[in-house]
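A quick write-up on the structure given underneath.
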2 protein chains.
Amino acid sequence: LDTRIVLVRPRNPLNIAAAARAMRNFGFEDLVLVSAYEPVWQDARAAPGAKDLLRSARVVPRLLDALDDRTLVFGTSSLTRRRPAQPVFPLPQIGELLEAREEQVKRLAILFGSEKTGLSNQDLVQCHAVLRIPTEKSTPSMNLGQAVAVCCYELARHGRNISGESRAEVNESLSAVATAGELDRLSEVIDRLAGQGAESAQSSARRRSAQVRQILLRGRLSSKDVTLLLGVLRDLDWKINHGGEKRSKVPPFRF
Amino acid sequence: LDTRIVLVRPRNPLNIAAAARAMRNFGFEDLVLVSAYEPVWQDARAAPGAKDLLRSARVVPRLLDALDDRTLVFGTSSLTRRRPAQPVFPLPQIGELLEAREEQVKRLAILFGSEKTGLSNQDLVQCHAVLRIPTEKSTPSMNLGQAVAVCCYELARHGRNISGESRAEVNESLSAVATAGELDRLSEVIDRLAGQGAESAQSSARRRSAQVRQILLRGRLSSKDVTLLLGVLRDLDWKINHGGEKRSKVPPFRF
């Protein structure tokens, strides 16, 4: 049972240490921090919490580095101002959600945004679904360490921690589910072909790119599906660049 | 729906503020602190959190002052070293627990011990039951603010917060349940008559006193039951002090 907690741009060392402690309390071991400021990270390691877990935590520059091998990615949000394109589930329903996606659950990641702004729309684009912690409208925003504690408690309640029942065998028998990294590569190729990369300045292009990603995430693709689709796209690219010419052995660029 | 959060001897101002914030997040308003050091309390009010809730919180000298009007009292513990006399329930089962005690739920209190030592045995004596937050054996002790967050989340999940469905009407129709204050008074009279007050130096006497309290808490007494039992004890006391004499109008001491 492989559940990763990902803190995106955390700012407060005490919160990072508190998150690590809650993970230890409820039996989680895999912590990744995305673009944490070095001084913040240094202070977190010195703060009271779960020092061994903080020592083994990874710090990566980009969100995708934290998600590359994941087969299911959930963002967390109080969703006060936003209405994301992703399906939204109240945290207490996570049990049903995990059951419905049994084949993807094996390598799960739960993302938490920064204390000030939460997850950005760009972060949420990488998520299969958004977990809404059911807080009051008058005070929706939770402390980061407490949000991690509540989510870890709920995940442990459904056996998603190290002492939970192993569902790995069930998953092994299923065909390999596409990882976040594979789906990201596929999205990028589509964006490039359609001329609507995430780098594009136009918000309409960015929105369409995000929508395509959501379709891919919803599609529950296997690794094989991704390979097949990349082949189709390679053929399309060839045709775009060479008109009706017969295809050469070497494609114009490597996907 | 009247649920009170009680922090017993909290030491860290940041934890008090974090507890208040979690209460606000999940729709709880009634916070009482028992024998909090004045400087700690001052700092807590200045810390980021739910300032309005901290302003309206009460600080009381003794645990009973926080419980006086409560009809159901739960302590929280990771129970690593202790085996309390009280029934123990894992926190995720609180829904069933509340349903089974529907008539007592109306004025609920949840107690949290100090960061260092948790609730003492003397604190647990006041509790109808103990909620065990199901943490890992290797790292059982939770941060206070996070423990409050997890419990408030779980209580809100079962509609025990301000936005929960009102069960007050159901409760109104039931006969008035004895409060913690009434039961404490009854226990004290029994202790006094039996010469085994909580102040007694003998641990065997203290243990018996605690056992009597547990029996009373288990008994689901109404306020009327308490009045009746106090009457019986008053008669007993008279007989002890006056042998077979006819009872006078004035009892020897006021219960």
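The values are calculated or read from the model by the stated rules, or taken from the named source; none is laboratory data. Values in this document were obtained by computation on a predicted structure and should not be read as measured data. Here the Cβ is made from the backbone with ideal geometry for all residues, glycine too, and neighbour counts use every protein chain on show.
Structural remarks
- The residues listed here are A:55, A:70, A:81, A:45; of these, the one that is closer than 25 Å to residue A:183 by Cα and more than 14 Å from every other protein chain (Cβ to nearest Cβ) is A:70.
- Those residues of region B:126-146 which are part of a helix (DSSP H, G or I) and either more than 8 Å from chain A (Cβ to nearest Cβ) or closer than 29 Å to residue B:207 by Cα (or both), in sequence order: B:144
- Count of residues meeting criterion [at pLDDT below 90, of a type in the set (A, V, I, L, M) and part of a helix (DSSP H, G or I)] in region A:147-172: 2
- Candidate set: region B:24-62, residues that are under 23 Å from residue B:119 (Cβ atoms) and of a type in the set (Ser, Thr, Tyr); chosen: the one surrounded by the fewest Cβ atoms within 10 Å (Cβ to Cβ): B:37
- Take the conditions (1) within 13 Å of chain B (Cβ to nearest Cβ); (2) assigned to a helix (DSSP H, G or I); (3) acidic (Asp, Glu); residue A:123 misses just one of them, which is (1).
- The set of residues in region B:10-23 that are surrounded by fewer than 24 Cβ atoms within 10 Å (Cβ to Cβ), more than 9 Å from chain A (Cβ to nearest Cβ) and of a type in the set (A, V, I, L, M) contains only B:17.
- Some residue of region B:1-9 being part of a loop (DSSP other than H, G, I, E, B), closer than 20 Å to residue B:184 by Cβ and more than 14 Å from chain A (Cβ to nearest Cβ): yes
- So residue A:32, is it outside any helix (DSSP H, G or I), more than 14 Å from chain B (Cβ to nearest Cβ) and either under 21 Å from residue B:14 (Cα atoms) or β-branched (Val, Ile, Thr) (or both): yes
- Residues satisfying the stated conditions in region B:58-84, i.e. assigned to a loop (DSSP other than H, G, I, E, B) and in contact with a Lys or Arg (Cβ under 9 Å, 6 or more places away or on another chain): B:69, B:70, B:71, B:78, B:79, B:80
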